[in-house]
């Protein structure tokens, strides 16, 4: 899958749309287009990739013969450097710039060794590693079931945060996975106390273990959805009748469901699907904040323009005028100043 720089939930939250499926296709299309446009505008990508890139003999980059620029690729780490079939040991080269990387943008041979780039001029050097602008990750939970190397079904995951959405890049061990959908799964806990009444003001739920829930999480009891706004010990403060569901009374002992089931695209970004044991740590790749914000803004603009037939206006009557999009232009400029590659050698 081509990774996104924002999640479906990011854009829905900004649009103040409920968690309904009627607008998912439009929003997904807007996020995919915005992510691709950001790559073009910034002259780089902001997602991780495990793999090998090939480079010609470095003198054609107008560089020193011991210096190899990675051109349009940003590097986090290198596992092997092979030149004309000969592996160059890791202590025979440096990744640069040493004081600000990663990302590393070029490699220099250690001139105190006998390492050299030699051989045919084309596809001379093969570098294998992790390629990315950044390598920031958050721990978001642990697997509650074993994940097999061939599994592509919905997988139940116990999250430590509810801020996981469709489009997020996850890592378990050395495998990258992308969240393609979410679903409700029984959490193994029931409504406690005396239950809750059919009153909008009855917003405190008793549970067996409040630590397994988190603010911003959506839960379902019977057919009523509730938004968790706070967790106090073994009690949940909720917004009742969320997402257009019907307010109702619920008796103690009723099962609680949470949106912790995920559909996963396995073996993404150059990784290979593998077996992962129960309790394996799940990491979420963190997109740079300005890139994430720009993707949300571009997606919002696209969705709203599509709804308006690409003729959005501000004001009405004689005061109506075309939307300028100045705020969007400001975010584009800020992202470009912070993250854009202003020039690259040897790239088209």
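Among 92, 190, 114, the largest mean-square fluctuation in a Gaussian network model of the chain (Cα springs under 10 Å) belongs to 114. Radius of gyration (Cα atoms) of segment 166-242, expressed as a multiple of 2.2 N^0.38 Å: 1.29. Ordered by the count of other Cβ atoms within 10 Å of each Cβ, fewest first, 226, 1 give 1, 226. A helix-only calculation puts the chain at -5500 deg cm²/dmol for mean residue ellipticity at 222 nm, using -39500 (n - 2.57) for each DSSP H run of at least four residues, averaged over all residues. Projected onto planes of every orientation and averaged, the convex hull of the alpha-carbon atoms in segment 49-131 covers 5.0 nm². Label positions at residue 91 and residue 209, each projected 7 Å from the Cα along the C-beta direction, are separated by 4.8 nm.
Listed peptides 179-186, 165-172, 292-299 appear in the order 292-299, 165-172, 179-186 once ranked by packing, highest mean of other Cβ atoms within 10 Å at the front. Counted over segment 1-113 with a bin width of 10 Å, the fraction of Cα pairs per bin, in whole percents, is 11, 33, 23, 16, 12, 5, 0. Among 65-71, 198-204, the peptide with the highest mean count of other Cβ atoms within 10 Å heads the list, and the full ranking is 65-71, 198-204. Equivalent ellipsoid of segment 137-285: semi-axes from √(5λ) of the C-alpha gyration tensor, largest first, are 31, 14, 13 Å.
Counting neighbouring beta carbons within 10 Å and listing from fewest to most, the residues 57, 4, 131 come out as 57, 131, 4. Modelled this way, with points 7 Å down the Cα-to-C-beta line, the labels at residue 248 and residue 144 are 2.2 nm from one another. For the chain, the mean projected area of the C-alpha convex hull, equal to one quarter of the hull surface, is 22.8 nm².
With a simple spin-label model that places each label point 7 Å from the Cα along the Cα-to-Cβ direction, the separation between residue 36 and residue 113 comes to 4.1 nm.
Coordinate-derived values only; no laboratory data. Small disclaimer: the values here were computed from a predicted structure and weren't measured. Note that we place each Cβ from the backbone using ideal geometry, even for glycine, and neighbour counts take in every protein chain shown.
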